[in-house]
Amino acid sequence: VYVGHFKCNLRRIADYPNLSNYLRDLYQVPRVVGTVSLHHIKAHYYGSHETINPTHIVPVGPELDYAAPHDRKRFRKTA
């Protein structure tokens, strides 16, 4: 949402490997994944900021796969 809505398009989270992996790791936490509605997030941002998006048009994409594998296990300690 931020990239298109707030015109912060120099780089996306996907362009930062560590942030991208952290985001997917966080999203995949069982008690988190059930609380995230990307449709709701987009509808809220694009529908509630009249001065930024007066047409209230909500873009369809991009489709992001937050359930994709991440590499965060490299940080976990083994006992």
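Where a number appears in this text, it was derived from the coordinates with a stated rule and is not lab data. All figures in this text were calculated on a predicted structure; none of them were measured in a lab. FYI the Cβ positions are ideal-geometry reconstructions off the backbone, even for glycines, and counts take in every protein chain you see.
Some points to look at:
- Charges were assigned to the Cβ only: +1 to each Lys and Arg, -1 to each Asp and Glu. The resulting dipole of the range 2-66 about its Cα centre is roughly 100 debye.
- Helix axis angle, 17-27 relative to the chain longest principal axis, alpha carbon, degrees: 90 degrees
- Residue-averaged 222 nm ellipticity for the chain, from DSSP H runs of 4+ at -39500 (n - 2.57), nearest 500: -10000 deg cm²/dmol
- Amide hydrogen proximity for residue 64: with H placed 1.01 Å from N in the peptide plane, no residue at 5 or more positions away or on another chain lies under 5 Å.
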